[in-house]
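Report on one structure; see the data block that follows.
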Amino acid sequence: MAIEIKPLEQFTIERLVPLHPFGIDASFTNAALMMTIAAAAVCLLVIAGARAKALVPGRWQSIAEIGYEFIADMVETNAGHGGMAYFPFVFTLFMFILLGNLLGLVPYSFTFTSHIIVTFALAAVVFVGVTIIGFARHGLHFLSLFAPHGVPVALLVLLIPIELLSYFIRPFTLSIRLFANMLAGHTMLAIFAGFAASVPLFGILPLGVDVLLYFLELLVAVLQAYVFAILTCLYLRDALHLH
Amino acid sequence: MPPGDARDPLRDLERRLAAAGRDDARKTPARGADNGTTGSLLAFAWRIGLELVVAVAVAMALGWAFDRWLGTRPWGMIVMFFLGVAAGMVNVWRTVAGMGMAVGYRQGGTGERRDGED
């Protein structure tokens, strides 16, 4: 009766097309495949949605327009004046993560946002980009971000390291939040599915839990994409306006 | 459609949309609002915990790296531990105060930050 439950098996990276140029393992993996699908799905959604140009939008146009307006509104209210220049970036980021999260919920697919290297790469792009924007806009004056206004010099000795640290922690919290949410959610789904499969009669109970968890995961998938995007907006605001 | 009526479909649509909006407003408010706050409060609590833990973990990793580099074991790690706790608390305080994950204490110029609603 012992069915082996392997809740972590779903996160295994598999090399679909082995590629080793110059001795570097650059194989096309299942993660890469899902990323390609997610990116293609975003393009398809937006292009197909924009093609109709109907005054009264159909289904696809509605989805594309809701996404567009949602992010445009978010960038406008959170990134402050001049933030709209970075709207394409935030929109791309949001849609990519959202599609990654949602496609990962399709049974037998793969969730690339449950790998810290993927989320950390995304967060690092945001972090490095925002820092470059800050220095490009304000030059060395950008460093005043780390020295709070009107604080005695004696306290600055203590405060500047703390501020620096909390600045450098940003990519870590940004990436770990998304990665941990996806990893924990999918592991939980797999564990309860395993219970449902291994208990003969009362398996219906864990199965019911799994269904409820699935809806929770849908919420988490959208929420985490939103959080990632809104925090990107807030970081942009810091770089643009120095408070 | 008679030529004079070119704008009528739009006006008709507007009227129907307004009616639908009124219907929606009557039906939805209580349930939707409640669900939203419960879900986001839980996410908010998670976020605060993460903020504190990650700050300490990253700071201590940095301290360990400094020690390896400069050979000052264990002082780098000890100092960075306390700095990490402080930075974590500052971040938590800022998140809770609704000021976002900002660095620095100065208030934003235009309007309030809308953060902490994840």
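The values are calculated or read from the model by the stated rules, or taken from the named source; none is laboratory data. Just so it is clear, the model here is predicted, and its values are computed rather than measured. A quick note on method: Cβ atoms are made from the backbone with ideal geometry, for glycine too, and the neighbour counts reach across all protein chains shown. Quick note on the areas: whole protein, heavy atoms, side chains included, nothing else; ligands and nucleic acids left out. Shrake-Rupley method; radii C 1.70, N 1.55, O 1.52, S 1.80 Å.
General remarks:
- Test item: A:79-85 mean partner chain Cβ contacts at 10 Å: 1
- Relative packing of peptides B:51-59, A:156-164 - highest average C-beta neighbours within 10 Å first: B:51-59, A:156-164
- Accessible area (Å², per residue) of the protein assembly as shown, counting only protein heavy atoms and a probe of 1.4 Å: 57
- Across the options A:167, A:19, A:178, the greatest Cα extent toward the positive end of the charge dipole of the protein assembly as shown (unit charges at beta carbon of Lys, Arg, Asp, Glu) belongs to A:167.
- Rounded to 10°, Cα long-axis angle of helix A:30-51 versus longest principal axis of chain A: 70
- Each part gets one Cα centre, and for the stretch A:179-215 versus the stretch A:64-133 those centres are 28 Å apart.
- Extension gain (nm, one decimal) between residue A:54 and residue A:212, 0.36 nm per residue minus Cα-Cα: 53.2 nm
- Degrees, to the nearest 10: A:87-104 long Cα axis against longest axis of chain A: 20
- Extension gain, residue A:116 to residue A:202: 0.36 nm times the residue separation minus the Cα-Cα distance gives 27.4 nm.
- Per-residue 3J(HN,Hα) values for the stretch A:111-121, derived from phi via the Karplus relation 6.51 cos²θ - 1.76 cosθ + 1.60 with θ = phi - 60°, read 9, 6, 6, 8, 10, 5, 5, 6, 5, 5, 4 Hz in sequence order (x marks Gly and Pro).
- Peptide A:151-160 has a mean shielding of 1, counted as Cβ atoms of other protein chains within 10 Å of each residue's Cβ.
- When only the Cβ of Lys, Arg, Asp and Glu is charged (+1, +1, -1, -1), the dipole of the stretch A:9-241 relative to its Cα centre reaches about 320 debye.
- Protection proxy ranking of A:113-121, A:80-88 - average other beta-carbon atoms within 10 Å, highest first: A:113-121, A:80-88
- Number of partner chain Cβ atoms within 10 Å, mean per residue of A:168-175: 6
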